[in-house]
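A.B. asks: Let me begin by handing over the structure; questions about it come next.
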Amino acid sequence: MRTAAKLLALCAVVLAVAAWSPEPSPIYPRGYYRLYDRYSVWRPDDGLPWYIVKEVDWADPRLLKWGYLPAMHDAQPYYCLVDHDAPTGSHIPVWIFACGDPDTVELLYNTNRPPLGLLYGGPY
């Protein structure tokens, strides 16, 4: 019995290693909060994938430590706060992105302001 359990565990490890890919997986959220210097605006998704990237040369370690993740969308760099928990009253996790361009996120960091004031609509 122990041999069968060890064999199953070994198969699981082999499958996990075989499934791992160095390329980031695409994420297709229904929309995201676009970060501006004083507010955030909900934007519906345009159908293009988002990628959470690792080890990119433009990522600022200070922003990563503050909780931002480097992301790419439509070949543009972004910093995103990502939540993948289930909303209150649900057991289904949902991707929620709050993303801004590097200059805006740098401004938020330098002025010690969290992204607040989530709005719907607004300027593009």
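A.B. asks: Within the range 100-118, work out how many residues are farther than 14 Å from Trp58 by Cα, touching a strand residue (DSSP E or B) at 6+ places or on another chain (Cβ under 8 Å), of a type outside the set (Ser, Thr, Tyr) and not in a strand (DSSP E or B).
C.D. replies: 4
A.B. asks: Here's another thing I want to ask about it. From the list Asp74, Asp37, which one is exposed (fewer than 10 other Cβ atoms within 10 Å of the Cβ) and either modelled with pLDDT of 80 or more or within 14 Å of the chain's Cα centre (by Cα) (or both)? It would help to see each step written out before you state the result.
C.D. replies: Working: Asp37 fails: exposed (fewer than 10 other Cβ atoms within 10 Å of the Cβ).
Matching residue, one of Asp74, Asp37: Asp74.
A.B. asks: Kindly list the number of the only condition in (1) surrounded by 10 or more Cβ atoms within 10 Å (Cβ to Cβ); (2) assigned to a loop (DSSP other than H, G, I, E, B); (3) modelled with pLDDT of 90 or more that fails for Trp58.
C.D. replies: (1)
A.B. asks: Is it the case, given these coordinates, that Leu108 is touching a helix residue (DSSP H, G or I) at 6+ places or on another chain (Cβ under 7 Å) and either modelled with pLDDT of 90 or more or surrounded by 11 or more Cβ atoms within 10 Å (Cβ to Cβ) (or both)?
C.D. replies: On the way: touching a helix residue (DSSP H, G or I) at 6+ places or on another chain (Cβ under 7 Å): no; either modelled with pLDDT of 90 or more or surrounded by 11 or more Cβ atoms within 10 Å (Cβ to Cβ) (or both): yes.
No; evaluated as a whole, the condition is false for this residue.
A.B. asks: Of the residues in the range 70-99, how many are part of a strand (DSSP E or B) and out of contact with any helix residue (DSSP H, G or I) (no Cβ under 7 Å at 6 or more places or on another chain)? Full working, then the answer.
C.D. replies: To start, the set of residues in the range 70-99 that are part of a strand (DSSP E or B) comprises 70-73, 76-83, 96-99.
Restricting the remaining residues to those that are out of contact with any helix residue (DSSP H, G or I) (no Cβ under 7 Å at 6 or more places or on another chain) gives 70-73, 76, 78, 80-83, 96-99.
Residues that pass the stated criteria total 14.
A.B. asks: Here's a check for you: in the range 46-68, which residue that is among the hydrophobic types (A, V, I, L, M, F, W, C) and under 13 Å from Tyr78 (Cα atoms) is nearest to the chain's Cα centre (by Cα)? Walk me through it before giving the result.
C.D. replies: As a first pass, look at the range 46-68 and keep what is among the hydrophobic types (A, V, I, L, M, F, W, C): 48, 50, 52-53, 56, 58-59, 63-64, 66.
Now restrict to residues that are under 13 Å from Tyr78 (Cα atoms): 50, 52-53, 56, 58-59, 63-64.
Working: Trp50: 8, Ile52: 5, Val53: 9, Val56: 15, Trp58: 16, Ala59: 14, Leu63: 13, Leu64: 12 Å.
Filtering first and then ranking leaves Ile52.
The values are calculated or read from the model by the stated rules, or taken from the named source; none is laboratory data. Quick caveat, the model's predicted, so the values are computed rather than measured. All Cβ positions, glycine included, derive from the backbone under ideal geometry; neighbour counts span all protein chains shown.
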